[in-house]
Amino acid sequence: MPNDQAERDQVALDRENKPNKPKRAKRLLTFATALAAIAAIAWVGIEHEPQNWFRAKPAVDYSGPTAGWETWGGDAGGSRYSPLTQITPDNVWALKPAWTYHVGSVEAPEGLSPTLEVTPIIAEDRMYVCAGTGRIAAVDPETGKEIWATDPKSDNFSTYLLNCRGVTYARDKAVPQGEACAGRIYAGTLDGRLMALDAATGKRCSSFGQDGILDLKPGLGKTERGDLAISSPPVVVGDKIIVNGRIPDNMRVDVPAGAIRAFDLHTGAPAWAWNPLPPGMTDAEFAKENEPFVRATPNSWAPMAADPDLNLVYVPMGNAAPDHVSYIRNGLDHYASSVVALDATTGAVRWHFQTVHKDVWDYDIPAQPVLFDLPTDNGPVPALAQTTKQGHIFILDRRDGTPLFPVEERPVPQSKLPGEVLAPTQPFPVNPAFVIRKPELTEDDMWGFTPYDRAKCREQFRGLDYAGMFTPPSTRGWINWPSFMGASNWGGVSIDPQRGILIANTTHMAAKMQMVPREETDKLLKAGERMLPTFGAPYGLKMEPLLSPFGAPCNAPPWGKLTAIDLKAGKVLWDVPFGTTRDTAPFPLWFKIGVPNMGGSVITASGLIFIGASTDNFLRAYDINSGEVVWKARLPGGGQATPMTYRLRKNGRQYVVIAAGGHKYLGTKVTDAIVAYALPE
């Protein structure tokens with residue numbers, strides 16, 4: 001029997017001795033075929049909107065409704081819905097840039113990253129915006145021309161991300177109409193202050209705090225620089241302004257309380273404070289000497305919502321310190337990772353619903369609760385939709401917190417860390433429509449462009465603990481899925497109350513995490529290692545995305561999705577990949593595979609969804625009925641913000657506006673541009 005290897009060697013020799021012209025031609029043909037295949041794949045995979053080169057300019061309908069955008073989420077309940085109808089699925093193709101305003105957010109202290117996450121608001125026929133560095137401005141909403149601007153000169157020490165998601169407008173009824181500060185703009189700063197500015201001039205309202213500024217830090221007791229940052233806009237109910245704020249709960253154990261506080265709208269005098277202590281525990285009994293609150297309670301950093309008719313404020317809660325070790329929190333987990341309804345007059349808890357028990361995964365609630373009326377066979381029910389990092393949407397009766405779609409407790413794995421006792425079960429929506437994350441990972445889900453990077457991702461998978469979404473933290477390291485970035489983040493969800501449709505944009509990326517014992521953590525920090533120190537805890541924490549050697553997520557795409565849910569039926573209407581690899585990969589590798597995203601959407605009565613958010617620099621319009629992209633525009637930077645829309649009586653044009661400032665940690669282009677689009681006149 002002839003030797004197979006010898007035969008193969010001889011065949012190879014014969015090939016080498018043949019004239020090489022056919023061989024070169026074959027190589028060239030193979031190379032050309034490969035290029036053609038890549039181009040074909042790219043063309044199929046690239047997102048295309050209809051070509052409109054030969055279409056006539058559409059006639060603009062000026063007969064429809066007018067509407068502004070007076071609060072961060074479009075209304076007090078954060079629906080992000082507009083009744084406007086001038087821009088439709090049929091004419092959206094004609095949208096063009098109308099103006100661009102440069103807010104001045106790029107300058108930042110060395111080592112800090114500015115972002116432009118602001119959603120502008122409209123009040124008194126002016127637009128109000130803020131920059132990541134804290135600069136506040138009023139702009140003509142129809143021209144983009146600056147009316148006034150002021151800079152609070154914040155001390156941004158220890159603030160890893162410079163962000164301001166928005167400001168708040170209120171009418172101070174203690175001031176006669178037409179006088180200075182009758183209309184006010186309230187803005188938080190990253191060094192823990194609350195400013196009250198005259199809406200017309202930008203000058204400080206002297207009746208509020210000390211010459212228009214209320215320092216919120218002294219009321220918290222002992223603080224250090226960087227201990228309190230207000231990145232989300234406060235809410236107003238009646239004559240009170242209610243404020244939450246970010247506490248550095250991963251930096252050290254001994255941090256200030258995460259108290260939610262209300263102040264008089266006119267003077268800034270304290271009205272009430274709620275420290276999220278478990279039942280039976282009071283500040284008077286348990287706070288340290290000379291401290292107003294028990295320290296290290298759960299904080300809230302995401303935008304809040306309000307229902308003035310029910311006199312309730314809805315607070316999305318974070319964790320008690322530290323994020324990833326529960327047994328040293330002294331039982332302060334009762335309200336962590338919960339949506340809490342507070343009486344707007346007294347601050348008393350009316351109800352709460354916990355989305356994660358004894359959270360050690362940093363699954364704090366990242367998004368504004370969204371209020372809507374749920375259509376049912378027995379008529380509309382006052383409801384609340386709360387999306388979460390773990391990709392669960394909980395639909396609750398906003399009067400008492402009762403789930404309107406079933407929720408069940410399911411057993412989860414337990415910790416092997418000494419002293420750590422986790423909750424035996426976690427809440428899950430029973431209806432799969434309200435689970436907006438991809439299924440649990442397996443080794444087969446590890447993905448790559450080539451066999452090499454796929455093998456490396458599988459190797460990482462095998463080297464880490466993974467037993468599902470609630471895999472307990474470990475010193476070996478574990479896979480966090482969804483990651484600390486969340487399936488949902490602060491962009492939250494939007495709801496069309498007329499159609500009964502919820503829109504959610506999600507990110508699907510895994511992370512690798514590792515608990516590092518205290519002594520080793522201190523050595524690594526001294527050597528310059530970047531990690532979460534959690535001083536005072538028995539562990540520090542390493543955390544990073546689970547990436548291939550080529551820098552792509554190890555889990556298979558799509559890495560970003562856009563989903564529409566029929567709220568009455570409790571069914572997914574459509575679910576599409578969101579975003580392309582443009583701006584993260586060279587041409588022709590611009591594939592529509594879904595990419596990570598940060599920001600939210602807005603819905604119009606005409607049936608359009610506008611959203612930026614993705615890591616490619618586009619603003620898109622989707623048809624809400626089909627999930628089809630019907631328009632997109634190139635932005636000057638990353639659109640990591642939530643757009644808004646309005647139509648005023650002055651010129652009658654509907655505008656769509658988005659902050660295109662980019663985001664350091666998503667790798668998008670950083671700018672200071674706010675861009676408005678409108679149909680041609």
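Can we say D397 is of a type in the set (D, E, K, R) and touching a residue at least 60 places away in the same chain (Cβ under 8 Å)? No: the conditions fail for D397. The set of residues in segment 191-201 that are open to solvent by 10 Å² or more (accessible area, probe 1.4 Å) and either among the hydrophobic types (A, V, I, L, M, F, W, C) or in contact (Cβ under 8 Å) with a residue 24 or more places away in the chain (or both) comprises D191, R193, A200, T201.
Screening the candidates T376, T355 for the property of being among the hydroxyl-bearing types (S, T, Y) and at pLDDT below 95 yields one hit, T376. G536 - would you say it is in contact with a Gly (Cβ under 6 Å, 6 or more places away or on another chain) and not charged (D, E, K, R)? Taking the combined requirement at face value, the residue does not satisfy it.
Within segment 305-344, work out how many residues are closer than 20 Å to D283 by Cα, open to solvent by 10 Å² or more (accessible area, probe 1.4 Å), in contact with a strand residue (DSSP E or B) (Cβ under 9 Å, 6 or more places away or on another chain) and not aromatic (F, W, Y). Residues that pass the stated criteria total 3.
Out of all the residues in segment 506-531, which are assigned to a strand (DSSP E or B) and either modelled with pLDDT under 95 or exposed (fewer than 15 other Cβ atoms within 10 Å of the Cβ) (or both)? Write out each step before concluding.
As a first pass, look at segment 506-531 and keep what is assigned to a strand (DSSP E or B): 506-507, 511-517.
Listed by number, the list holds a single entry, P517.
Out of segment 187-226, which residues are part of a loop (DSSP other than H, G, I, E, B) and of a type in the set (D, E)? Result: D191, D211, E224.
Which residue out of R184, R165 is surrounded by 22 or more Cβ atoms within 10 Å (Cβ to Cβ), of a type in the set (D, E, K, R) and part of a loop (DSSP other than H, G, I, E, B)? Even if it seems obvious, please write down each step before you answer.
Working: R184 fails: part of a loop (DSSP other than H, G, I, E, B).
From the options R184, R165, the qualifying one is R165.
Test L608 against the criterion of being crowded, with 19+ Cβ neighbours inside 10 Å and aliphatic (A, V, I, L, M), and give yes or no. Here the answer is yes, as L608 does meet what is asked. Among the residues of segment 135-152, is any out of contact with any Gly (no Cβ under 6 Å at 6 or more places or on another chain), open to solvent by 10 Å² or more (accessible area, probe 1.4 Å) and within 30 Å of K288 (Cβ to Cβ)? Among the residues of segment 135-152, not one is out of contact with any Gly (no Cβ under 6 Å at 6 or more places or on another chain), open to solvent by 10 Å² or more (accessible area, probe 1.4 Å) and within 30 Å of K288 (Cβ to Cβ), which makes the answer no. If you go through segment 602-616 and pick out every residue that is aliphatic (A, V, I, L, M), outside any strand (DSSP E or B) and within 14 Å of L562 (Cα to Cα), you end up with 1.
Assess whether E440 counts as being within 21 Å of H357 (Cα to Cα), in a loop (DSSP other than H, G, I, E, B) and open to solvent by 10 Å² or more (accessible area, probe 1.4 Å). Yes; evaluated as a whole, the condition is true for this residue.
When segment 578-601 is filtered for residues that are open to solvent by 50 Å² or more (accessible area, probe 1.4 Å) and either among the basic types (K, R) or in a strand (DSSP E or B) (or both), the ones remaining, listed by number, are R582, K592.
For the subset of segment 649-681 comprising residues that are modelled with pLDDT under 95 and either aliphatic (A, V, I, L, M) or under 18 Å from I609 (Cα atoms) (or both), which member is most open to solvent (accessible area, probe 1.4 Å)? Only one residue fits best here, namely V670.
Given D362, D400, D377, which one is among the charged types (D, E, K, R), part of a loop (DSSP other than H, G, I, E, B) and either surrounded by 16 or more Cβ atoms within 10 Å (Cβ to Cβ) or in contact with a Pro (Cβ under 7 Å, 6 or more places away or on another chain) (or both)?
Answer to the selection: D362.
Evaluating A455 against the criteria (1) small (G, A, S); (2) open to solvent by 30 Å² or more (accessible area, probe 1.4 Å); (3) in a loop (DSSP other than H, G, I, E, B) leaves one unmet condition, (3). Only a single item in (1) touching a Pro at 6+ places or on another chain (Cβ under 7 Å); (2) of a type in the set (D, E, K, R); (3) closer than 22 Å to V493 by Cβ is not met by K592, and it is number (3). The set of residues in segment 532-576 that are within 28 Å of E443 (Cα to Cα), more than 24 Å from the chain's Cα centre (by Cα) and either open to solvent by 60 Å² or more (accessible area, probe 1.4 Å) or at pLDDT below 95 (or both) comprises P549, F550. Within segment 233-256, residues that are within 21 Å of K542 (Cβ to Cβ) reach partners that are assigned to a strand (DSSP E or B) and open to solvent by less than 20 Å² (accessible area, probe 1.4 Å) with beta carbons closer than 8 Å, at six or more positions or on different chains, in the pairs N250/L541. Restricting segment 171-180 to residues that are in a loop (DSSP other than H, G, I, E, B) and either open to solvent by 10 Å² or more (accessible area, probe 1.4 Å) or small (G, A, S) (or both) leaves a set whose member that is nearest to F157 (Cα to Cα) is A180.
The values are calculated or read from the model by the stated rules, or taken from the named source; none is laboratory data. Computed from a predicted model, the values in this text were never measured in an experiment. Because the Cβ atoms are built from the backbone with ideal geometry, glycine has one as well, and the counts that use them run over all protein chains shown. Please note that ligands, DNA and RNA were not included when accessible areas were found on the heavy atoms of the full protein model with its side chains. Shrake-Rupley method; radii C 1.70, N 1.55, O 1.52, S 1.80 Å.
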